[in-house]
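*Asks:* Quick one: the structure is below, and I'll ask about it shortly.
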Amino acid sequence: MKAVPLVLDMRLRFLWPPTLHVDFCLNLAWIFADTLKVKTAFFMRPVSALGALLCLCAAATAPCQTTDASPYYRIANPDIPLLSAQAEPFVRAADTERTVPELLSGVWHNKSRYVVFDTGAAGKVAEDSEIMGQVLRLFYRWYADRAAEPPSFSNDAARDVNNATSASSAESVEIHWTPLTYEVFSSGSDRTVTLYNGDTLSADGIASGAWDMEVHYPGRNETYHIPVAVIGNRLYLHFVVKQLESIGIERPNYNLLGGYWRDYGSASGVLVSPPANAPELRSFYIAGSSVYQIRYWRTDMDYDESARAVFSDGDDTYDVPKMLLAQGLVYTCVNGRGSRIRNITRSPSLPEDFMLNSVLVTRHGTDEGGESTTWTEKAATICALGEPYLTLLDSTETLESIAARINAQKKPFPPPLFPPHGILDFDWSIIEDPPENWNKRMHSLGK
């Protein structure tokens with residue numbers, strides 16, 4: 001905390017030399033917002049030794065907190081972080097995966113880059129992280145720049161050094177994974193997910209999953225978040241997630257879109273440099289043919305998982321979470337202690353084209369006669385919006401071989417300004433020894 005070095009420095013100035021008075025005063029300006037903030041300022045002003053000692057004791061014992069993002073010291077319980085930047089430790093450790101998810105293995109690509117998540121190189125900044133590999137397609141995709149990769153890749157195959165690539169090593173971008181939904185595979189595989197109550201979860205044909213990528217860039221202390229979702233061989237950056245709900249034996253689920261869809265944020269891309277994240281979250285509640293859009297914005301209130309908010313449409317009232325914890329930040333849809341959402345937006349459909357995953361849940365229970373029975377429910381847990389950001393490459397090539405293949409290509413020569421020899425009917429003898437009727441022949445050209 002920044003307040004501690006400042007207080008210690010003042011104590012040293014007071015104790016040595018003994019005859020030196022500490023020149024400062026403490027100015028408190030109270031500002032009321034979602035949390036109580038105290039602005040602290042020090043001024044050079046002579047005071048007595050007793051007054052200085054009292055001020056030092058008060059400053060040393062005050063439970064202040066501060067971050068680089070704010071010039072204010074926040075009075076709060078240090079065991080319950082208030083700032084959004086400090087809310088990241090609240091992510092449950094049990095929800096953090098140790099390795100790269102299986103659905104993200106392979107080479108992913110779009111028009112501007114090739115990306116590999118499972119390079120096998122362990123990171124150093126964050127525990128259980130892995131270094132990402134990325135090749136940028138530059139100069140109208142005629143040149144491949146190995147911009148980010150583990151150091152072992154560069155040792156095995158040296159990177160090209162030219163005007164487009166610096167002589168320094170490639171960027172070492174580390175990624176840590178936190179699952180947002182279950183990673184499900186087809187029922188024919190041996191990777192069926194078993195829930196805590198004994199129910200099993202499998203994909204209805206196409207595997208899917210969603211994660212929050214915690215990215216560490218070299219030379220930066222911040223942790224950047226890039227939420228991603230995979231449905232089949234497509235990776236999306238804009239998506240919403242729904243929790244599994246029990247449907248019941250007698251009521252099959254035909255409306256996969258119904259219910260509350262939670263947003264975890266979106267980033268501008270999986271980049272070599274820090275991406276830009278959306279400043280707000282946009283969740284949806286779908287009831288019948290009505291789609292209600294719920295806006296969440298950043299707040300510095302304490303995160304309360306049990307807090308609820310309500311909104312009404314005629315005689316219908318709907319209940320949604322008041323606060324969301326996403327990307328290490330706290331978001332809310334209602335200010336202060338209120339619980340009613342106002343100015344709700346309703347539309348007949350989602351704002352973009354969407355793609356749903358399909359999940360099969362095998363439930364275990366008892367029927368009306370008390371006999372044990374099993375039944376299968378169909379549900380959707382991921383709704384991807386818009387076009388996919390990356391597509392899985394159907395190839396066994398590595399990043400080094402892809403870059404070498406692209407850079408070995410030669411751009412074809414432009415077409416000649418004049419037609420090649422043999423097309424024009426021209427002979428130098430006409431110039432050297434023109435015929436007698438050359439004048440008439442010139443007039444007959446082109447006829």
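The values are calculated or read from the model by the stated rules, or taken from the named source; none is laboratory data. Remember, it's a predicted structure, so these values are computed and weren't measured experimentally. With ideal geometry, Cβ positions are generated from the backbone for all residues, glycine too; neighbour counts draw on all protein chains shown. We work out accessible area using only protein heavy atoms, side chains counted, and drop any ligands, DNA or RNA first. Shrake-Rupley method; radii C 1.70, N 1.55, O 1.52, S 1.80 Å.
*Asks:* Using only the alpha carbon atoms of the stretch 339-429, find the Kirkwood hydrodynamic radius as the inverse mean reciprocal pair distance, in angstroms to one decimal.
*Replies:* After inverting the mean inverse Cα-Cα distance, the result is 22.5 Å.
*Asks:* Work from the charge dipole of the stretch 262-321 (Cβ charges, +1 for Lys and Arg, -1 for Asp and Glu, about the Cα centre) and give the residue of 321, 273, 286 farthest towards its positive end.
*Replies:* Of 321, 273, 286, it is 273.
*Asks:* Given a 1.4 Å probe and the protein chains all in place, what does the accessible area of residue 364 round to, in Å² to the nearest 10?
*Replies:* Probe radius 1.4 Å; accessible area of residue 364 about 100 Å².
*Asks:* Take peptides 100-112, 402-414 and line them up by average Cβ neighbours within 10 Å, highest first, as a rough protection proxy.
*Replies:* Peptide ranking by packing, descending: 100-112, 402-414.
*Asks:* When you count, for each residue, the other Cβ atoms within 10 Å and take the mean per peptide, how do 200-209, 183-192 rank with the highest first?
*Replies:* 200-209, 183-192
*Asks:* Round to a whole number: what % of the accessible area of the stretch 139-214 belongs to carbon and sulfur, probe 1.4 Å?
*Replies:* Carbon and sulfur atoms account for 49 percent of the accessible area of the stretch 139-214.
*Asks:* Taking R0 as 60 Å, what's the FRET efficiency between residue 391 and residue 437 from their Cβ-Cβ distance, rounded to 0.05?
*Replies:* 0.30
*Asks:* Rounded to the nearest 0.05, what FRET efficiency do residue 220 and residue 138 have when you use their Cβ-Cβ distance and R0 = 30 Å?
*Replies:* Calculated transfer efficiency: 0.80.
*Asks:* While we're here: Arrange the peptides 368-377, 222-231 so that the one whose residues have, on average, the most other Cβ atoms within 10 Å appears first.
*Replies:* Descending packing order for the listed peptides: 222-231, 368-377.
*Asks:* Please say if the stretch 112-211 is rounded, prolate or oblate, where rounded means a/c under 1.5 for a ≥ b ≥ c the square roots of the C-alpha gyration tensor eigenvalues, and otherwise the choice is prolate for a/b larger than b/c and oblate otherwise?
*Replies:* Prolate is the answer for the stretch 112-211, as a/c is 1.5 or above and a/b outweighs b/c.
*Asks:* Along Cα→Cβ, 7 Å out, is where each label goes; now give me the distance between the ones at residue 307 and residue 378 in nm to one decimal.
*Replies:* Here the modelled spin labels are 3.9 nm apart.
*Asks:* Report the accessible area of residue 391, computed with a 1.4 Å probe over the heavy atoms of all protein chains in place, in Å² rounded to the nearest 10.
*Replies:* So the heavy atoms of residue 391 present about 50 Å² to solvent.
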